[in-house]
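Beneath this line is the structure, given in C-alpha cells, with notes to follow.
The values are calculated or read from the model by the stated rules, or taken from the named source; none is laboratory data. Not measured: the values here are computed from a predicted model. Positions of Cβ are backbone-derived with ideal geometry, glycine not excepted, and every protein chain shown enters the neighbour counts. Accessible surface areas use protein heavy atoms only, side chains included; no ligands, DNA or RNA. Shrake-Rupley method; radii C 1.70, N 1.55, O 1.52, S 1.80 Å.
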There are 2 protein chains.
Amino acid sequence: MKIDPKKPADLSAQIAQAIRDAIVSGRLIVDERLPSEAELADQFHVSRPTVREALKRLAAQSLIRTQRGASGGAFVNRLSFEDAYSQQITTSTLLLSMNAVSFDTACEARYALERACAPLAAVRRTPDHLATMRAEIFRQAQPGLTDEAFCASDVAFHRALVDGAGNPVLSYQLAGAVEAMQPLMNMITFSARSREEIIALHSQIADALEENDAPAVDTALVALEAYTRQLACNVAERHRKPA
Amino acid sequence: MKIDPKKPADLSAQIAQAIRDAIVSGRLIVDERLPSEAELADQFHVSRPTVREALKRLAAQSLIRTQRGASGGAFVNRLSFEDAYSQQITTSTLLLSMNAVSFDTACEARYALERACAPLAAVRRTPDHLATMRAEIFRQAQPGLTDEAFCASDVAFHRALVDGAGNPVLSYQLAGAVEAMQPLMNMITFSARSREEIIALHSQIADALEENDAPAVDTALVALEAYTRQLACNVAERHRKPA
DNA sequence: ATTTTTTATTTGTCTGACATTTAAAAGTCT
DNA sequence: AGACTTTTAAATGTCAGACAAATAAAAAAT
C-alpha cells in the first residue's frame, strides 16, 4: 500500500484511497484490524492527525469502524444493508434537491422502479407484507392526519411493496428513490378527496398482491403514478396563479 | 447549530452530523462558504483537528469541497450525478461482495431494473444511444477479446440502454446495479459460443429500440437474463465437480 | 479460584507551530 | 493613470508532542 509522494496536497485523501482500494479489492477482509494509527503514520510517513483524517473519511462511508482501548483500533466494517440504505437516502435526497430534478422525472423513475418490483412481489409477498400494507392503508384513512404523516405512511406502504419482492438488492436500490421523493411529495396538499383516491388505489394494489395478480398491480401502479403527477401538476397550477 | 456535550466520544461525528443536517435541510445552500476551521472550532468549542476530522467526513461524502489560500475554505458542494454515481458504485460493489449476495439475486435485481427502463428507452433513445450500443456490439464480436474486456463492453452496452431512458434519476439508480455486478460477471468464462448468443441478444435489443418496439426489448431482456443465469449456473456446476 | 488492581495499548482530543497556497492589497515602473 | 511586480494576510495542509479516556489483558490480592 503506497501513496504518491509527488502529489503535494491532500495526503489524507490519498491514504484513504489506498486503504479503500485495499478493502474493495479484498486485500483487507471484513473484521480485519488495520494497523494502529501510529503504525499507519509510520508506514505512510505522515503524522497521526493526517492518518486520522484519512480514517474519518473511511468511517463516513461506513467502510471501517473504530474501537477504543487496548486491542481496539480500526476494523474493516461489514457494510450492512441498513448502512447502505441510509447512505443512499442521504445521497439521493441531496441529488434531487440540489440538481433541481423535476417532480415528473423523479416520479417517473420511482414508479418505473416500483413496477419492476411488482411482478416479483405478486409471487413472493408474505402475509406479513400484506398486513403492513393494510395497516398503512388504515392509517391513511384516519381523519385529522397531517400531510406529513400521510406522506410518511405512503412511504411505508411503498416500502412494504418493494420489500415484498423479496430481493434485498432491489429494496436497497429503491429505498433511495422512494424516500428521497418524500420532501417533494410533502409539497403536495392532500385533500380529503385525493386521499380517498390514493387509498382506493393502495387497496387495489394490496388486493392484487394478495391474489398474486401481477398485471392488476401494474395497472394500479400506472394509475397511481398518473394521479400523483396530476396532483403535482395542480400544485404547480395553483402556484402560478396564487389568487 | 449545536452539538450535545453530554455524549462523550466522537465529537467530530457529531459536528459532521450537525453540518450535514444544515446542508440537507437547506440552511446551508450550494456554494455557500462555511466558517473557517478556526471559527468552527470556536463555535463548537472544540479544537481545530476535531473540526478538520468532521470536515473530512463530509468531504468523503462529496457534501463539501475545500479550497486553500485567502478567500479559501470549505464550500457546500453541488452534488453532481457523477459524484453520486461513483459513490453508489463503491457502495453497491461492497454491499454485493461483503454480504455475499447470490448471483441470482443480483442478476434478478439488475434485469428487473433494466426492464423498467426499456419502455422509456424504446420511446426516447437517440441515434447517439443506438450508435454507442452498436459500437459495443461490434467490439464484443472482436476475436481475442479478454473476458474482462467483454464484460466491460457489456457494462457499456447496458449503460447506453439505461441512459436511453432519458431519465438521469434512473441512470443514477442503475449505475450501481449494473457496475457492481461486473466483478460477479467477471467470474464467468465466456466461450465463443456464449458470446455469440449474447451478441445476438444485444443486437435484438438494439434493433427493437431502433424500431421503438418496447415489448420486443422486454422479450430480449428476459432471454438475456435467463441466458446469463444459465451461464452462471454452469460455472457453479463446474466448481462443484472441478474434475 | 475468584475478585480486584494495575498496566499497557489504543483511540479521542487539545495546543501550538510551521508550510503552502491563494487572492487581494500595496508598491513600483512606464 | 495604467500595467506589472511585490508584499501581505488569510486560509487550509501538515507536523510534533502531550494528555484524557476507554478497554482488555496481566498481575496481585483475597
Pair list, Cβ under 6 Å, 6 or more apart: the stretch A:147-170 residue under 24 Å from B:Ala100 (Cα atoms), other residue crowded, with 18+ Cβ neighbours inside 10 Å and charged (D, E, K, R) | A:Gly164/A:Arg125; A:Asn167/B:Glu108
Can you find even one residue in the stretch B:156-174 that is crowded, with 19+ Cβ neighbours inside 10 Å, basic (Lys, Arg) and at pLDDT 95 or above?
-> no
For A:Arg57, which of the numbered conditions (1) within 16 Å of DNA strand D (Cβ to nearest atom); (2) surrounded by fewer than 19 Cβ atoms within 10 Å (Cβ to Cβ); (3) not aromatic (Phe, Trp, Tyr) fails to hold?
-> (2)
Quick one: what pairs do we get from the stretch B:73-97, first residue touching a residue at least 24 places away in the same chain (Cβ under 8 Å), second within 16 Å of DNA strand C (Cβ to nearest atom), C-beta under 6 Å, 6+ apart or different chains?
-> B:Gly73/B:Arg33; B:Gly73/B:Ser36; B:Ala74/B:Leu55; B:Ala74/B:Thr66; B:Phe75/B:Asp31; B:Phe75/B:Arg33; B:Phe75/B:Arg65; B:Asn77/B:Arg65
Taking B:Arg65 and the conditions (1) part of a helix (DSSP H, G or I); (2) among the charged types (D, E, K, R); (3) more than 7 Å from every other protein chain (Cβ to nearest Cβ); (4) within 19 Å of A:Lys56 (Cβ to Cβ), which numbered condition does it fall short on, given that it satisfies the others?
-> (1)
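Among the residues of the stretch B:111-137, count how many are away from chain A (no Cβ under 14 Å) and among the acidic types (Asp, Glu). Full working, then the answer.
Keep residues of the stretch B:111-137 that are away from chain A (no Cβ under 14 Å), which gives B:125-137.
So of that shortlist, the ones also among the acidic types (Asp, Glu) come out as B:128, B:136.
Adding up the residues that qualify gives 2.
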Hey, does the stretch B:90-106 have a residue that's aromatic (Phe, Trp, Tyr) and in the same structural domain as B:Asn212 (by TED's automatic domain parsing)?
-> yes
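Can you go through A:Val169, A:Val178 and tell me which one is more than 26 Å from A:Cys233 (Cα to Cα) and of a type in the set (A, V, I, L, M, F, W, C)? Outline the logic, then answer.
Values: A:Val178 fails: more than 26 Å from A:Cys233 (Cα to Cα).
Residue meeting the stated conditions: A:Val169.
When you check B:Cys151 against the structure, is it within 14 Å of chain A (Cβ to nearest Cβ) and either in contact with a helix residue (DSSP H, G or I) (Cβ under 7 Å, 6 or more places away or on another chain) or part of a helix (DSSP H, G or I) (or both), yes or no? Break it down into steps so the answer makes sense when it comes.
Details: within 14 Å of chain A (Cβ to nearest Cβ): no; either in contact with a helix residue (DSSP H, G or I) (Cβ under 7 Å, 6 or more places away or on another chain) or part of a helix (DSSP H, G or I) (or both): yes.
For B:Cys151, the condition - within 14 Å of chain A (Cβ to nearest Cβ) and either in contact with a helix residue (DSSP H, G or I) (Cβ under 7 Å, 6 or more places away or on another chain) or part of a helix (DSSP H, G or I) (or both) - is not met.
With respect to A:Asp83, determine if the residue is touching a Ser or Thr at 6+ places or on another chain (Cβ under 6 Å), in a helix (DSSP H, G or I) and either within 14 Å of chain B (Cβ to nearest Cβ) or of a type in the set (Val, Ile, Thr) (or both).
Numbers: touching a Ser or Thr at 6+ places or on another chain (Cβ under 6 Å): yes; in a helix (DSSP H, G or I): yes; either within 14 Å of chain B (Cβ to nearest Cβ) or of a type in the set (Val, Ile, Thr) (or both): yes.
So A:Asp83 passes the test.
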Here are some conditions: (1) without any contact (Cβ under 8 Å) to a residue 12 or more places away in the chain; (2) facing chain A (nearest Cβ under 9 Å); (3) surrounded by fewer than 17 Cβ atoms within 10 Å (Cβ to Cβ); (4) away from DNA strand C (no atom under 15 Å from the Cβ). B:Pro49 meets all but one. Which one does it not meet?
-> (4)
If we keep just the residues of the stretch B:19-34 that are surrounded by fewer than 17 Cβ atoms within 10 Å (Cβ to Cβ) and within 16 Å of DNA strand C (Cβ to nearest atom), which is nearest to the chain's Cα centre (by Cα)?
-> B:Asp31
Of the residues in the stretch A:65-116, those that are open to solvent by 40 Å² or more (accessible area, probe 1.4 Å) and within 16 Å of DNA strand D (Cβ to nearest atom) come to A:Arg65, A:Thr66, A:Gln67, A:Arg68, A:Gly69, A:Ala70, A:Ser71
Taking the stretch A:61-100 as the region of interest, how many residues are away from DNA strand C (no atom under 16 Å from the Cβ) and out of contact with any Lys or Arg (no Cβ under 6 Å at 6 or more places or on another chain)?
-> 22
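Evaluate the following for B:Leu11: is it away from chain A (no Cβ under 12 Å) and within 14 Å of DNA strand C (Cβ to nearest atom)?
Details: away from chain A (no Cβ under 12 Å): no; within 14 Å of DNA strand C (Cβ to nearest atom): yes.
No: the conditions fail for B:Leu11.
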